[in-house]
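Notes follow once the structure below has been shown.
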Ligand code: SAH
Ligand code: SF4
Ligand code: F3S
């Protein structure tokens, strides 16, 4: 058996991958390996990958391919995450320098797979469609000591036609409420101040297990009692935002008044083609309800521009609703055709330059709207959880609406929630001082 002592993990993609990386790091540390911050010094390299857009995949393929040519000594390389699920064993032929492929449902097998690689060599692959035992979240080694991601539901049953996630993460499986409560209580004892509940669609929580009698809003009520200072959650499917949830957000002091619920598109024809299962009007009804019930709620969205057959007029509809909704946070993407998804069979017919123009128009609008929103905040006081010192030696944190705020102050403020008066702003960052 070869000996390995050190490892390095590259994490791509979304918050679920960040959490999965933390779990894998915990498992490798349990094994006695040391995490190093220089990839060249590591005996083991793990690429925890994302498949959501073509660019995400190309970046990883390029990086691993490059390593194959560069490395002088033999490093063990493994691919985990969504690309492990979307490409499976084909990865071995595309990237001959990798030793193992570990799927999103097999994280618990990491050490066993490593043993196989070390003892027998060759290529080892574990990519189960469903996961058997739950992931060992308590062993997660998180870098951040103030904020933590907590998984509450894995997978997605929605099947939007453009999206690879249901194929890389499988069907929805909720995590038992007691396990979530135990983990959050543990994190509170460790000094964590903020948790972000993770799921592709957190609002589906508990629907697969009616016997638990614990839907997403019920879970929020229970978690509010753990003493955690702030609770966030990602992501909400618009269809599943119900009045009980909106009231829970309004009523629970720990729950941040921010809802990220992607619109994706603003025209009914495109929404239908995307299989988002709501109309523009139904989406707008949710926006109105959220704004009516939760005073000063901040809203977030994801948008895809250039979906197959999207016309200029249809893009304009997206632009108009986007403008009306005045989102605090927006992630805007150009459509990327994913093999294996239903939309892949439609011609990717919107030229890349047009996609880019539409993207830039929305980014500009979002930027302008952020400036207007930030102007209105000048002189206001906002509650900020101070997270860390940034590279310019300011203390950096966020308010509950997810606005980034920096102040001057001492390290003893890190991990506390402070009232901050906003004096000015710089691009996306608000600049203030303690009051
Ligand atoms: N479960 C979340 C998002 C998961 S993926 C939700 O439904 O809200 C994150 C975002 O990537 C999506 O919201 C979507 O805007 C974008 N995305 C997904 N597939 C894409 C594709 N094929 N091309 C471009 N963007 C895509
Ligand atoms: Fe993808 Fe749609 Fe599921 Fe989100 S809800 S993960 S966009 S299929
Ligand atoms: Fe990417 Fe997988 Fe997340 S495809 S966005 S890492 S669920």
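Taken together, the criteria exclude residue 283 from residues that are within 15 Å of ligand 2 (Cβ to nearest atom), modelled with pLDDT of 95 or more and farther than 23 Å from residue 326 by Cβ. The condition of being assigned by TED's automatic domain parsing to the domain that holds residue 13 and either within 14 Å of ligand 3 (Cβ to nearest atom) or in a helix (DSSP H, G or I) (or both) does not hold for residue 203. Of the conditions (1) at pLDDT 95 or above; (2) within 15 Å of ligand 3 (Cβ to nearest atom); (3) touching a strand residue (DSSP E or B) at 6+ places or on another chain (Cβ under 9 Å), residue 232 fails just one. Which one is it? (2) is the only condition that residue 232 fails. Among the residues here, residue 13 qualifies as in contact (Cβ under 8 Å) with a residue 12 or more places away in the chain, surrounded by 13 or more Cβ atoms within 10 Å (Cβ to Cβ) and within 16 Å of ligand 1 (Cβ to nearest atom). In a residue-by-residue description of region 396-414, the property of being touching a helix residue (DSSP H, G or I) at 6+ places or on another chain (Cβ under 7 Å) and outside any loop (DSSP other than H, G, I, E, B) applies to no position. Residues of region 105-138 that are loosely packed, with under 13 Cβ neighbours inside 10 Å and assigned to a loop (DSSP other than H, G, I, E, B): 121, 122, 129, 130, 132, 133.
Of the set (1) more than 14 Å from ligand 3 (Cβ to nearest atom); (2) crowded, with 18+ Cβ neighbours inside 10 Å; (3) within 19 Å of residue 400 (Cβ to Cβ), all apply to residue 174 but (3). On the given criteria, is residue 28 in contact (Cβ under 8 Å) with a residue 12 or more places away in the chain, away from ligand 3 (no atom under 16 Å from the Cβ), touching a helix residue (DSSP H, G or I) at 6+ places or on another chain (Cβ under 9 Å) and assigned to a strand (DSSP E or B)? Spelling it out, it is not the case that residue 28 is in contact (Cβ under 8 Å) with a residue 12 or more places away in the chain, away from ligand 3 (no atom under 16 Å from the Cβ), touching a helix residue (DSSP H, G or I) at 6+ places or on another chain (Cβ under 9 Å) and assigned to a strand (DSSP E or B).
The residue pairs whose first member lies in region 141-164 and is assigned by TED's automatic domain parsing to the domain that holds residue 344, whose second member is more than 14 Å from ligand 2 (Cβ to nearest atom) and in a loop (DSSP other than H, G, I, E, B), and whose beta carbons are closer than 6 Å, counting only pairs six or more residues apart or on different chains, are 146/193; 146/415; 148/142; 148/192; 152/175. Take the residues in region 40-56 that are assigned to a helix (DSSP H, G or I) and more than 16 Å from ligand 2 (Cβ to nearest atom), then tell me which one is nearest to residue 84 (Cα to Cα). Top of the filtered list is 55.
The values are calculated or read from the model by the stated rules, or taken from the named source; none is laboratory data. Everything quoted here is computed from the prediction, not taken from an experiment. Reconstructed Cβ throughout: ideal geometry from the backbone, glycine too, with neighbour counts over all protein chains shown.
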